[in-house]
Amino acid sequence: MGTFAEATRNSFLDAFARNVSYANSAVWVKLHLADPGPAGTTSPAANTTRQQATFGSAASTGAISNTVAVEWTSVPNSETYSHISLWTASSGGTFLGSDDLSSTASVTAGDTFRIPIGDLDLTVA
């Protein structure tokens with residue numbers, strides 16, 4: 001995982017050290033053409049649809065990975081994706097963090113872009 005948002009880090013710490021509950025019911029993924037920045041809003045891809053990520057297995061050794069492919073069908077523009085941002089909702093919601101893709105991905109309008117099973121890894125070091 002690249003960078004958790006400050007609010008996310010603070011929520012983790014409060015849950016860990018202050019016995020304050022923390023629950024996030026879903027993680028939604030948005031595509032970006034460059035680093036999304038500290039608020040997750042910089043350099044959005046033309047495809048503004050956020051896709052829900054599924055993490056069906058419990059975390060192990062400080063990491064968790066997607067158990068279902070995350071997929072955008074029929075992307076609207078030809079462009080190159082380099083980063084993702086993570087959110088608590090399909091629109092609006094709270095910015096959770098961002099990461100770069102392991103390699104940039106050039107797509108052509110009409111293509112399907114996919115993050116395969118096991119390729120969306122979240123870690124806490």
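Take region 44-64 and flag every residue that is touching an Asp or Glu at 6+ places or on another chain (Cβ under 7 Å), open to solvent by less than 40 Å² (accessible area, probe 1.4 Å) and either closer than 24 Å to Ala34 by Cβ or not in a strand (DSSP E or B) (or both).
Residue satisfying the conditions is Ala45 alone.
For region 78-118, what are the residues that are farther than 18 Å from Phe4 by Cβ and open to solvent by 70 Å² or more (accessible area, probe 1.4 Å)?
Of everything in region 78-118, those that are farther than 18 Å from Phe4 by Cβ and open to solvent by 70 Å² or more (accessible area, probe 1.4 Å) turn out to be Ser78, Ser91, Ser102, Ser103, Thr104, Ser106, Thr108, Arg114, Ile117.
How many residues are open to solvent by less than 50 Å² (accessible area, probe 1.4 Å) and either farther than 21 Å from Asp111 by Cβ or in contact with a Lys or Arg (Cβ under 8 Å, 6 or more places away or on another chain) (or both) when one looks only at region 29-43?
Looking only at that region, the number is 5.
Go through region 10-28 and count every residue that is open to solvent by 80 Å² or more (accessible area, probe 1.4 Å) and under 15 Å from the mean Cα position of the chain (by Cα).
Number of matching residues: 1.
From the list Gly97, Gly92, which residue is assigned to a strand (DSSP E or B) and on the phi > 0 side of the Ramachandran plot?
Gly97
The values are calculated or read from the model by the stated rules, or taken from the named source; none is laboratory data. Keep in mind it's a predicted model, so treat the numbers as computed, not measured. Quick reminder, even Gly has a Cβ in these numbers, built from the backbone with ideal geometry, and neighbours come from all protein chains shown. These area figures cover heavy atoms from the full protein model, side chains too; ligands, DNA and RNA do not enter into them. Shrake-Rupley method; radii C 1.70, N 1.55, O 1.52, S 1.80 Å.
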